[in-house]
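The values are calculated or read from the model by the stated rules, or taken from the named source; none is laboratory data. Treat the numbers as computed from the prediction; the structure is a model and nothing was measured. Cβ sites come from the backbone with ideal geometry, for glycine too, and all protein chains shown count toward neighbours.
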Amino acid sequence: MRNAQYENSMAKLLAIGVPLVTVFILTGSVTDPVNMTKLLMLGGVGFSALTLFALRGFRVGATSSKVAILATAAFVVFSLISVLLSDLPLAQNLYGVYGRNTGFVTYLLLAGVLLGALTFSEAKSFNLIFRGLLFAGIINVAY
């Protein structure tokens with residue numbers, strides 16, 4: 001996959017996925033209609049971005065964003081060490097407190113989104129993300 005194709009794929013993924021995470025709410029069948037459903041959506045977007053970054057983006061991002069990639073990797077490694085050495089229950093360390101879902105899994109997926117976004121270099125990718133976030137903002141304001 002060429003760099004332009006990679007960036008186009010990542011831009012489309014994040015331009016659709018990030019706003020979807022923001023506006024997606026599922027009611028009726030779950031006890032936590034907001035946080036759990038957003039974590040589910042973030043799982044799809046973050047894992048896809050992390051996979052795409054690992055397959056192609058690392059070579060692209062490593063040339064332009066070394067410090068940010070190293071800082072993100074250090075954050076994930078130290079978070080994992082914290083999960084392993086903590087006295088709290090493993091489920092709470094992985095998923096976070098009930099109703100918040102701000103555990104290791106969430107931060108790993110957000111790191112995937114960050115790493116994907118670090119590989120953008122073209123203005124049209126940033127414009128695509130901007131339009132997606134603008135759409136999500138309009139929906140949230142209307143809601």
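The table for this structure:
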quantity	calculated
3 or more residues farther than 29 Å from K12 by Cα: qualifying helices (runs of 4 or more DSSP H) within the stretch 22-101	66-85, 90-95
Residue ID - modelled with the highest pLDDT, chosen from residues in the stretch 46-78 that are surrounded by fewer than 16 Cβ atoms within 10 Å (Cβ to Cβ) and not hydrophobic (A, V, I, L, M, F, W, C)	T51
